[in-house]
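Trainee: Just dropping this structure here.
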Amino acid sequence: MAEQQKRPTPPVNNSPRPLGKGPRGPVLVHEKPKDVLGTLKRILSYMGKNRYIFFILLAVMLAITILNLIAPSLQQKAIDTIGLTSGVDYKNLVKYLIILGGVYILTSLITYFQGWFSAKLSQTTVKIMRTDLFRKIVTLPIRYIDTHNHGDLMSRMTNDVENISNCISQSIGSLFSGVLTIIGSLIIMLYYSPVLTLISISTIILTVLFTSIMTKFMRKYFTRQQILLGKLDGHIEEMVVGYKTVVSYSKEKDAIDEFNKMSDSLRKTGVKAQICGGSMGPLMNIVSNIGFVLIAGFGGYFALKGFITIGTIQAFILYSKQFSRPINEIANQYAQIQTAVAGGERIFTVMDEISEKDDKENNCDFIPDEVSGNISFKNINFSYVPDKPVLKGFNIEIKSGQKIAIVGATGSGKTTVVNLLTRFYDIDSGEIEIDGINIKDISKDKLRETIGIVLQDTVLFSDTIRANIAYAKPQAKLSEIESAAKTANADRFINRLPDGYDTVLSESGSNLSQGQRQLLAIARAVLADPKILILDEATSSVDTRTEMHIQSAMVALMKNRTSLIIAHRLSTIIDADKIIVINDGRVVEQGNHEELLEKKGCYYNLYQNQFAGIAT
Amino acid sequence: MKLAKYLKPYWLFTLLTPLSMVGEVLVDLSQPRLMAKIVDEGVVGGNMELIIHTGIMMMLLICFGGMCGVGSAAFSGMASQGFARDLRNDTFKRVMGLSFEQTDKFTTGSLVTRLTNDITQVQQFVDFALRMLVRDSILFVGGIIMMLSLDINFGLVLVCALPVEMVLIMILIKKATPIYSIVQKKLDKVNSVVQENVAGARVVKAFVREEHESERFDKANVDLMQTNLKVQKIMSILNPLLMIVMNLSVIAIILIGGFQVEAGEMKVGQIMAALTYINQILMGIMMISMMFQSISRAHASGKRICEVLYIEPVIKSGSYVSGNSKGGAVSFKNVSFKYPGTNGEPVIKNLTVDIKPGENFAVLGATGSGKSSLINLIPRFYDADEGEVLVDGVNVKEYDLDCLRKKIGMVLQKSELFSGTVYDNIAWGDKYASKTDIEKAAKIAQADEFVSLMPAGYDGYIAEKGASLSGGQKQRLSIARSILKKPEILIFDDSTSALDLGTESRLQSALDENLKDITVIKIAQRIASVMNCDRIAVLEHGSLCALGTHEELLKTSEVYRDIYNSQMKNGGEGDL
């Protein structure tokens, strides 16, 4: 598409950042949106939030278009003064040139404003979009987050928004001025000579036909190229990620053969795409020159007959160029607009998701600080996917201050209990009560302030250690933070870090070991001082020595509060006040370690299965 | 650049591209002259015949030029795409020959971008250089020549306009480039906030911190917008400034033209031609300056590709090829090993142990005691720093790599499955295996029981990396794959961890029954998984601290007893 740019045309192009992109980047791969009009309307309504800039921009573009139409006729008038048979008319020549200069400078000035305003419009518009989208993401129910690809969600925030931003800053400008230019040129051309106009329109029609056919081909090959590239990508990733396996089976040669096959079909498609893309310019050149020769021929003939002046022919040639250029541009923008609309659609689908909401006016009596911590699950039924129940008639009674362990095979529904208590998911039927109050009557914020959780995968934020510990309680004093870290056994390693509590964690805390991260998460829970604590496999991937450290931190943490432990290590389970064994969505046994072993039931079997044969 | 040699097989196309480009450009350059002739001599002179005559000639020329243009696109496509394919293939081949320390260093993501984005970048540059560089240079130089040949006085305009335009472009690019990289950083920041919030949604919600996160996002978002605006403000000056330069040149040319026409040195049509040329020249400059950006991008990509392409694999194949005789002995002699690029304590310290053919051998130890590192030395995933690793009495470094790895079946800690059917995945072990062989291997691996329950059975498609299978199922499939390979040495690198004890003991007896003669080396954390092995080696901090049968070790080794007690009494390592 850059093919057109290098044609000798005046550089009136609306791209505010012409140097930011490769001049040959084929951006033709696009998705087809479903509801074009509706999506466009919504994008426009976002732009409407900057109504002033939007209208100023339109006015500025109108001015530029008019100036661009005036300039050639002035140029023609100036040249006419030279071409007179009576010699050069200097007085008029200078006059026209001064006016021309004025018009040019004005055009440049306005072009600057246009660039600036369209940048401002696109940037502020997408900023608002991003903000809205993020607000939505934060309030999306966990169910949505769990069932959707995170990378895809991220790409809506970046790629799709970027596409819209490009579309606003580039396409809308060229579309608007393009249409205006076409109309304007047409009027002026008609004014000069209706017959010549007809001739040049016929070549325009030819141009449009050509462009549409060529772009169709190009799109086909560029799309195919993109698909092949994606496949190649997948192959490389699979082979490199699984490289150990590839090597163990001496499969390198097969992998290379497969790669070469893909690589070659990519080459073939690439050549075709490139021929299509590269032919566009020369072919268009031919068409537009046919137009020129026709105009010159007929124009010359008319000039001979004395119908028109030479200057008119010159002007006409310029105008017919003005006329065909925006048509090319509009054709180019078409793909980009389509991509942007498709992106907009993807963004709006997320925005239209239903947020987590509290169902009704909530019981105001519930004060997180005064909760004593009695929890009961009454006859709970729940399923993630319809018809596949995870919990069936599930009942538990937990007393304030108890330490409860939940045990069961993978997929038996242990983590589900956590998801329901925090209302990450809502139950299908039954009741969960805290201190006798149905949690549906408690606002989600208050409910969650009551509960502290430490998860298997520690979530840390790219911020200082201090801020990460104080995550639940931003107003905490440094001394509180430090004492929480001490309780969690984390202060030792924190003090060894170069910046201590002010050390900034890299993205997701990857500069800490798994064990250290878990200690931070525990410190966070200590500081939050919740009435109810949930530990969901909180020490699962930690080696034995670190586990000892965490163990004592855990004991300190669980003191004086109701604790729910999704158990992994035997040592934590053995001390629990009550062990709840879940199987197939039901509580099958409960009691403490000794009681359950004596029962010789499900717990006993789990235990034996783990250590079967050792005794014999 | 070192990569230029990849163009060699396509030298003909590489040569034809600029040649046909020259054809196209020459036609382009002559076009304004012909137009001038039509106007000056035809229209003004009232010579209809000349108009038609020159018009037809012009059309023919333009068609020729167009053909040249299409030709150069085609030639350049063949050259650059062929170049890219060869480069890609060679680079991938190199990647497949890398040692683990090298792939670890590069990381998967970076290898993928190098093989796709970077190569595309270089390919586009080759295409661009072959066509646009040639085209713009000729247009630029040719435009100047043509213009000067019209009238030497136009040179004055060029002398004024060219440096101004060049300086303007340079200044702006210089100012904008660093801001573009800041934009990238701000964008990363926005991304990372979103990423953290999506991945950590539970924590954000649990601590009721949506408001705080929104504020954090707003800060990053506004930051991004402002930086973007800053760079766009600079760039939106560029166009108007260039327009002024160009348009002032137009005025100057008309003025000079006026004088010349008055003096009888020039005709009106020639002024028009000069206007077209000045356009060409100034656009040419802009294009060439953009080219510099593209060169620096392509250079960066080229460098990244070369880093992969010219790296020597650390582990080189030996030449020893063993006969068909069944072996299976493995010995470590005073072996020390430390991961390349790491400092401090070696992972394995002066370790000596002999594993006999057909033995059922187990290695036990805490995380980080060096179990996995030890067995990684057998198929030469890594090389020992000191001492020798021998397979059937021959140092592994002397073996032909394929021959060595053929002897060894390795079931990895992380089961890696590939997109394909269950059959395909098991057949990795032996691509000529019959269906019955494959099913038999699956039965031994205890995989048949769940595969046959799958709707499509063995023809069931395994979605990316086996996401639809449980950990235990994946492990059983990779065990089946190793069994099908009929190795002499079968290594389980903690790869039965997701199997329950019942399945594991069934697997063990099936192995005993069907693969009697092979050596089995088993790494595990659970005592229950290894207690029935012929001998158990206990590793601690990279050294062998005890060796013997379960009963012997219980009596003699304190460490073993500790592990046993922790799993039995306190449940330290045990999973429920």
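Every number here is computed from the coordinates shown, using simple stated rules; none is lab data. Quick caveat: nothing in here was measured; it's all calculated off a predicted structure. FYI the Cβ positions are ideal-geometry reconstructions off the backbone, even for glycines, and counts take in every protein chain you see.
Trainee: Going highest first, how would you order A:522-529, B:209-216, B:175-182 by mean Cβ packing within 10 Å?
Mentor: Peptide ranking by packing, descending: A:522-529, B:209-216, B:175-182.
Trainee: Residue by residue through the range A:341-352, what is 3J(HN,Hα) from phi via Karplus (6.51 cos²θ - 1.76 cosθ + 1.60, θ = phi - 60°)? Round to whole Hz and write x for glycine and proline.
Mentor: 5, 4, x, x, 4, 5, 5, 5, 4, 5, 5, 7
Trainee: Moving to a separate point now. Give me the compactness ratio for chain B, meaning the Cα radius of gyration over 2.2 N^0.38 Å.
Mentor: Scaled against compact globular proteins, the figure is 1.47.
Trainee: Across the range B:447-462, in residue order, what do the Karplus-derived ³J(HN,Hα) couplings come to in whole Hz, using 6.51 cos²θ - 1.76 cosθ + 1.60 with θ = phi - 60° and x for Gly and Pro?
Mentor: 8, 4, 4, 8, 5, 5, 8, 5, x, 9, x, 5, 8, x, 8, 8
Trainee: Count, for each residue of B:374-380, the Cβ atoms from other chains sitting within 10 Å of its Cβ, then give me the mean as a whole number.
Mentor: 1
Trainee: Have a look at B:Ala74, B:Gln413, B:Val194 and report the one farthest towards the positive end of the charge dipole of chain B, computed about the Cα centre with Cβ charges (Lys/Arg +1, Asp/Glu -1).
Mentor: The one lying farthest along the dipole's positive direction is B:Ala74.
Trainee: Further question on the same structure: Counting DSSP beta bridges in the range A:368-611, what percent are antiparallel, to the nearest 5?
Mentor: About 55 percent, rounded to the nearest 5.
Trainee: With only Lys, Arg, Asp and Glu charged, each at its Cβ (+1 for the first two, -1 for the last two), find how big the charge dipole of chain B is about the Cα centre; round to the nearest 20 debye.
Mentor: For chain B, the charge dipole is close to 320 debye.
Trainee: Under the rule of -39500 (n - 2.57) per DSSP H run of 4 or more residues, summed and divided by the residues of the protein assembly as shown, what mean residue ellipticity at 222 nm is obtained, to the nearest 500 deg cm²/dmol?
Mentor: Calculated mean residue ellipticity at 222 nm is -20000 deg cm²/dmol.
Trainee: Also: Any number yet on Rg/Rh for the range A:65-178, C-alpha, Kirkwood?
Mentor: Value, to two decimals: 1.37.
Trainee: Other chains near B:110-121: what is the mean number of their Cβ atoms within 10 Å of each residue's Cβ?
Mentor: Whole-number average of other-chain Cβ neighbours for B:110-121 is 4.
Trainee: Starting with the highest mean, order B:352-363, A:273-284 by the number of other Cβ atoms within 10 Å, averaged over the residues of each peptide.
Mentor: Top of the packing list down: A:273-284, B:352-363.
Trainee: Still on this model: With Kirkwood's inverse mean 1/r over C-alpha pairs for Rh, give me the Rg to Rh ratio of the range A:26-351, two decimals please.
Mentor: Value, to two decimals: 1.10.
Trainee: Mind checking the mean number of beta-carbon atoms from other chains within 10 Å of the Cβ atoms in B:64-71?
Mentor: That average works out to 5.
Trainee: Explain nothing, just the number: dipole magnitude of chain A about its Cα centre with +1 on each Lys and Arg Cβ and -1 on each Asp and Glu Cβ, in debye rounded to the nearest 20.
Mentor: Around 2820 debye, computed over chain A.
Trainee: Additional query: Work from the charge dipole of chain A (Cβ charges, +1 for Lys and Arg, -1 for Asp and Glu, about the Cα centre) and give the residue of A:Thr147, A:Pro530, A:Tyr301 farthest towards its positive end.
Mentor: A:Tyr301
Trainee: When B:Cys68, B:Cys545 are ordered from fewest to most other Cβ atoms inside 10 Å of their Cβ, what list results?
Mentor: Going from sparsest to densest Cβ surroundings: B:Cys545, B:Cys68.
Trainee: On to the next question. Whole-Hz Karplus ³J(HN,Hα) for the range A:441-450, in order, using 6.51 cos²θ - 1.76 cosθ + 1.60 and θ = phi - 60°, x for Gly and Pro?
Mentor: Along the range A:441-450, the couplings run 8, 9, 5, 4, 4, 5, 4, 6, 5, 6 Hz.
Trainee: With +1 assigned to the C-beta of every Lys and Arg and -1 to the C-beta of every Asp and Glu, and no other charges, what is the dipole magnitude of the protein assembly as shown about the Cα centre in debye, to the nearest 20?
Mentor: Roughly 2980 debye, rounded to the nearest 20.
Trainee: Sticking with this one: Starting from the Cα of A:Lys531, draw a straight line to each of the aspartates and glutamates and keep only those under 12 Å, dropping any in the same chain fewer than 8 residues away.
Mentor: Filter leaves A:Asp369, A:Glu370, A:Asp435, A:Glu449.
Trainee: Under a cut-off of 14 Å between alpha-carbon atoms, report the aspartates and glutamates in cross-link reach of A:Lys388, not counting same-chain residues fewer than 8 places apart.
Mentor: Candidates past the 8-residue exclusion: A:Asp428, A:Asp584.
Trainee: Something else about it: What's the ranking of B:122-133, B:56-67, B:398-409 by average number of surrounding C-beta atoms within 10 Å, highest first?
Mentor: So the peptides B:122-133, B:56-67, B:398-409, ranked by packing, come out B:122-133, B:398-409, B:56-67.
Trainee: Follow-up question, since we're still on this one. If you take every DSSP beta bridge fully contained in the protein assembly as shown, what fraction is antiparallel? Give it as a percent rounded to 5.
Mentor: Of the beta bridges lying entirely in the protein assembly as shown, close to 50 percent run antiparallel.
Trainee: Let me know the Rg and Dmax you get for the range A:368-611 when you use only its Cα atoms, in Å.
Mentor: Both quantities, over Cα of the range A:368-611: 18.3, 54 Å.
Trainee: In degrees between 0 and 90, to the nearest 10, how far off the longest principal axis of chain A does helix A:36-47 point, with axes built from Cα atoms?
Mentor: Helix A:36-47 sits at roughly 90 degrees to that axis.
Trainee: Using the Kyte-Doolittle scale, which helices in chain B average at least 0.5 and also have C-alpha atoms spread 15 Å or more along the helix axis, with helices defined as whole DSSP H runs?
Mentor: B:11-37, B:48-96, B:134-150, B:154-199, B:268-309
Trainee: Return the long-range amide H neighbours of B:Tyr339 (sequence gap of 5 or more, or a different chain), with a cut-off of under 5 Å between placed amide H atoms.
Mentor: Here B:Val347 satisfy the definition.
Trainee: Check which residues have an amide H placed less than 5 Å from B:Gly420's amide H, if you skip close sequence neighbours.
Mentor: B:Ile462
Trainee: Of A:Lys220/A:Lys251; A:Lys392/A:Lys473; A:Lys357/A:Lys392, which pairs sit farther than 27 Å apart, going by alpha carbon to alpha carbon?
Mentor: As for pairs spanning more than 27 Å Cα to Cα, those are A:Lys220/A:Lys251; A:Lys392/A:Lys473.
Trainee: Same structure again: By what distance, in whole Å, do the Cα atoms of the protein assembly as shown stretch along each of the three principal axes, largest value first?
Mentor: So the three principal-axis extents are 123, 83, 55 Å.
Trainee: To test your reading of the geometry: what angle, between 0 and 90 degrees and rounded to tens, separates the Cα axis of helix A:514-528 from the longest principal axis of chain A?
Mentor: Between helix and principal axis, roughly 80 degrees.
Trainee: Now for a different question. In degrees from 0 to 90, rounded to the nearest 10, what is the angle of the helix A:478-487 Cα long axis to the longest principal axis of chain A?
Mentor: Taking the Cα atoms of chain A, the angle to A:478-487 is about 50 degrees.
Trainee: Under 13 Å from the Cβ of B:Tyr399, count the other residues' Cβ atoms, weight Lys and Arg +1, Asp and Glu -1, and hand me the total.
Mentor: -1
Trainee: What is the local net charge at A:Ile64, summed over the other residues whose Cβ is closer than 15 Å to its Cβ (Lys, Arg +1; Asp, Glu -1)?
Mentor: 0
Trainee: Further, regarding this structure: With the Cα gyration tensor of the range B:356-405 giving a ≥ b ≥ c as the square roots of its eigenvalues, does the rule (a/c under 1.5 for rounded; else a/b larger than b/c for prolate; else oblate) give rounded, prolate or oblate?
Mentor: Note, shape of the range B:356-405 comes out oblate.
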